[in-house]
Structure formats: structure tokens, C-alpha cells
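Notes follow the structure.
Only the coordinates and a few stated rules stand behind these numbers; no lab work does. No experiment lies behind these values; they were computed from the predicted model shown. Note that each Cβ is placed from the backbone with ideal geometry, even for glycine, and that neighbours are counted across all protein chains shown.
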Amino acid sequence: MLLDTDLILPPTQDELPCDDGVPMETQRHKWQMDLLIDGLSTWLDAREEGYVNGNMFIYFSLAQVKNQDFKGPDFFAVLGVPKGERKSWVVWEEEKAPDVVIELLSRSTAQQDKAEKKQIYQDKLRVSEYFWYDPFNPEDFAGFTLQDGHYAAIPPNSQGWLLSDRLQLALVRWSGDYRGIETVWLRWATLEGDLLPTAQELAMAAQQQAETAQQQAEAAQQQAEAAQQQLEATQQRADRLAQRLRELGIDPEL
């Protein structure tokens, strides 16, 4: 069976378009997406399986291919799949849809993200958990979990976090500086509230640990040198005293 695009069904990720040339909404949207992906990537590094990406096409039906409806979510994570590079996420190849999806709202996309896309993730992709967040309006933050085929709202906990049961992690609003922008960012954290570090933060922490270890080593060396100098000074005083006793005819060994 052929499509009018002459692709043999079912097409693979190598045969499907993976770029529509449409950029992200704003720099903050792009960096917010990067922050979410980077934080979860370091978490996945300690696990044997799993995949995370964003702004990547997700193919889930042949009708979608025919209609050339290729736009994917800003963030998605999939558990229990091999690690490795993908051009697109093709559900019939992977035999699995994303477990978690996050859309970053903007004026031009908010209505679609809250209605049409939410319906697609619920009814067609069967995404276990769906969240949305507005990088310019942190109060517009919501999450949903699939229950009996329909999305039910995830209530925030007492700290205002939204918990992901699939990942056993929390989505938290963090006030801080990321790439020179001081604002409220959405970040992944443990259920205890510890932020998942980005690769850059891990590198900085490692550098700080190395510098601290170097400083401690230098301090220990200085202490050893000071102790050696004190020992030598004590020995010199003892030698002078012994010499003086010998001059006085007294055996210093007695």
C-alpha cells in the first residue's frame, strides 16, 4: 500500500519528515525546553533505558502522515525503551507512546495546547501524564493523569509541585538564573525537592569539588611544611643547648 507521497507503509523514521523549519516561539521557550530536557537527561544517565527530547515530531497514525501533521510536543519522556538517537519518535516502530508530555504555552498556542493537543494525547497517543506551563506566566501550570481513558487533574501538593507518578519525580517552579535570565523556571526535582541538575551544573559542581579538594590538599601541605619547620626549629634549639652544655663540661646525654 502506498501513500500519495510514494512512501511504503509503514514508513520509518528515516523516511518521514523530521523538520518543518518552524522555530520555537521565543528564546525563553527554547531555553525552558532545554532546561527540562537537560535535567531529565542527567537523571536518565544513571538508568539503563529511557529517552527524552522535545520539539521533535511524534508519529502515531498513517492519517497523520497523509495530512502532513508532524508537529510534536515541546517535551516528552519515554521509559523502558533503548537509549539512542532518533530523528523522530515513530510509535509503530518503537511500539510505545511517550509516558510524559509537557507543552510550553504561548499566546499563539495556549488554546490549542489546552484543548486539541490535550485531546490527542488523551485519545490517540494515550500519554499517561500531560502537563502545560507558560514560561511568561508561571501561574498557568497544570497537570493531568490518564484514568479510565480520560485525563484527571493532578492536584498540586502543599509546596505547589505537580508530581509525576510515572517518573516518580516532581515538577517545581524554581526562581533562579538560567543562561543569564532570572525568572521562574519549571524544573524537575526529586520527590524530596532536590533539583535534578543540568549537565552544566554537574560540571560546575565537579569543578567546585575539585577546587575544594585542591585547596584542602594545599592547606594540608602548608600544615605539613609548618610542622616540619617547627620540628627543625625544635631540633636546632636542642642542638644549641647540647653544644652549650658540652662547652660547660656537662655531658648532654646524662
The long-range amide H neighbours of THR183, using H built 1.01 Å from N in the peptide plane and a cut-off of under 5 Å, are GLY176, TYR178
Apply the Karplus parameterisation 6.51 cos²θ - 1.76 cosθ + 1.60, with θ equal to phi minus 60°, to every residue of region 222-237 and state each ³J(HN,Hα) to the nearest whole Hz, in sequence, with x for glycine and proline.
5, 5, 5, 5, 5, 5, 5, 5, 5, 5, 5, 5, 5, 5, 5, 5
Find how much the distance from ALA227 to HIS150 grows on full extension, using 0.36 nm per residue of separation minus their present alpha carbon separation; answer in nm with one decimal.
20.5 nm
With θ set to phi - 60° and the Karplus curve 6.51 cos²θ - 1.76 cosθ + 1.60, what are the ³J(HN,Hα) couplings of region 168-183 in order, to the nearest whole Hz, using x for Gly and Pro?
6, 9, 10, 9, 10, 8, 10, 8, x, 9, 10, 6, x, 10, 8, 6
Under the Karplus relation with 6.51, -1.76 and 1.60 and θ = phi - 60°, whole-Hz ³J(HN,Hα) for region 129-145, x at Gly and Pro, equal 9, 10, 10, 9, 8, 9, x, 9, 8, x, 6, 8, 9, 8, x, 9, 10
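Normalising by the residue count of region 166-205, find the relative contact order in percent from Cα pairs under 8 Å and 6+ residues apart.
Relative contact order for region 166-205 comes out at 33 percent.
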Sorting check: for 216-224, 155-163, which peptide has the highest mean count of neighbouring beta carbons within 10 Å, and how do the rest follow?
155-163, 216-224
For the peptides 134-143, 30-39, what is the packing order when you average, over each peptide's residues, the other Cβ atoms within 10 Å and list the highest mean first?
30-39, 134-143
Would you grab the residues whose amide H sits under 5 Å from the one on GLY50? Only those 5+ places off in sequence or on another chain, please, with H modelled 1.01 Å from N.
GLY80, VAL81, LYS83
What order do you get for ARG187, ARG179, ARG173 when you list them from fewest to most C-beta neighbours inside 10 Å?
ARG179, ARG173, ARG187
Quick one: which of 42-51, 101-110 comes out on top by average Cβ neighbours within 10 Å, and what's the full order, highest first?
101-110, 42-51
At what distance in nm do the modelled label points of ARG179 and GLN209 sit from each other, each positioned 7 Å from its Cα along Cα→Cβ?
2.6
Given a Förster distance of 22 Å, report the FRET efficiency between ARG86 and ALA63 from their Cβ-Cβ distance, rounded to the nearest 0.05.
0.55
Regarding region 27-197, what is the average projected area of its C-alpha convex hull, in nm²?
10.0
